[in-house]
Amino acid sequence: MPQDADAKLRCALERRFADPPGAAPPAQGAETLAGMAARGAQRVFATQPLDEGLLRLLCAVALSSPTKSDLQQRDILRISDPELRRAVDGLLGDQTWAAGAPELLIFCGNNRRQRQLHAWRGRPFVNDHLDAFFNASVDAAIALGAFVTAAEAVGLGCCPVSAVRNHAQRLSDLLELPEHVFPVAGLALGWPAGPAEISQRLPLAVTLHENRFGSGDPRAEVEAYDRARAAAQPYAKQRFTGDYGEAPDYGWSEDKARQYSKPERADFGAFVRAKGFRLD
C-alpha cells in the first residue's frame, strides 16, 4: 500500500472524527477509502461541460449498486434542456449555488415498473403498503451514494440537493413523473472550481453501536462535538435570529434544532399518496 494513501486516510479520519478508528489501514483499497473519508460538498463549479460518455458511464456504475431483491426500483433523470433546467432551479429556494452546476440529476424512486411487471404477467400486487414506497426510496438513495463515490473518484465534484422535494408536485409536473415515480434527491455535478466543504462528523461513540442500540444520553458527547466543530468550522450565520436571537455558543446541535423548528415539506406525504402509494 502506498505510504501517501495511508497518511491521507489517517489525516481524513482525524479531521472528520474526534475518535477516529485506530485500526491500521488495509493493504488494499486505501486510496478509495481515503477519497471517501476526505470528500466534501462541492458547491462551486467550473463552466466546463461533462462528457456525455463519462456521464453515462457514471450512471451505469451507480446503477450497478445494490438493490433490494434485484427489484431495481430507481431511475436517474438528467435535466439537459436549458429552459427546463431554469424552471427546476427556480424551485430550489435558497440553494442558488445549484444553478451553477453544469449538470443536475434527479434520483427517483420507481415502484411503477414493479407494478407493470404484475400487470404484464397477470400476478396480483399484494404488497401495496408502506414498504413499497420505502424500498424504492432506499434503492434510489443507494444509487445516489454510489454515484457520488464514482464521480469523485474521477475528479468530479457534487452535492446532493434535497430541496428538489420542496415543491415535489410542481417538480413532478415539470418532469412528467408518472404514478408511483417520485423524486428522492437531486445531485448537482461538475468539475470543481474551488475547494469542497468538508464537515466534521459526530463521534463514533454516538453513532456506532454493537449488538444493541446504546441507551445512554449522548448529550455530553454531542456538546463536545459542537465545541470542536465550532472551533474548526464555525457557521457563517445563525438561523432564525428574529425568533431565537444570537446564541453565544452556536454549534451543530443548535443549528439543527433551529432548522427543524420550522415546517419543511409538510405536503410531501400528501404528494406521495397522490402518486398512488398506500403508506399503512
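The values are calculated or read from the model by the stated rules, or taken from the named source; none is laboratory data. A quick note: this is a predicted structure, and the numbers were derived from the prediction, not measured. Using ideal geometry, Cβ is built from the backbone for each residue, glycine included, and neighbour counts are taken over all protein chains shown.
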Taking the range 141-195 as the region of interest, how many residues are surrounded by fewer than 22 Cβ atoms within 10 Å (Cβ to Cβ), in a strand (DSSP E or B) and touching a Pro at 6+ places or on another chain (Cβ under 9 Å)?
1
May I ask you to list the residues in the range 253-264 that are in a helix (DSSP H, G or I) and among the charged types (D, E, K, R)?
254, 255, 256, 258
Among all residue pairs at least 6 apart or on different chains, which show Cβ distances below 7 Å where the first residue, located in the range 110-125, is not assigned by TED's automatic domain parsing to the domain that holds residue 77 and among the hydrophobic types (A, V, I, L, M, F, W, C) and the second is in a helix (DSSP H, G or I) and at pLDDT below 95?
none
Criterion (modelled with pLDDT under 95 and charged (D, E, K, R)) met by exactly one of 94, 131, 89
94
Whichever residue in the range 219-252 is small (Gly, Ala, Ser) and assigned to a loop (DSSP other than H, G, I, E, B) and, among such residues, is farthest from residue 16 (Cα to Cα):
245
Which of the numbered conditions does residue 43 fail, given that it passes all the others? Conditions: (1) modelled with pLDDT of 95 or more; (2) within 24 Å of residue 187 (Cα to Cα); (3) surrounded by fewer than 16 Cβ atoms within 10 Å (Cβ to Cβ).
(3)
What pairs come up if the first residue lies in the range 51-65 and is closer than 16 Å to residue 190 by Cβ, the second is part of a helix (DSSP H, G or I), and their beta carbons are under 7 Å apart, counting only those six or more places apart or on different chains?
58/147; 58/150; 58/151
Out of the residues in the range 66-90 that are surrounded by fewer than 17 Cβ atoms within 10 Å (Cβ to Cβ) and part of a loop (DSSP other than H, G, I, E, B), state the one that is farthest from the chain's Cα centre (by Cα).
81
A careful count of residues in the range 187-242 that are within 30 Å of residue 80 (Cα to Cα) and among the hydrophobic types (A, V, I, L, M, F, W, C) gives 7
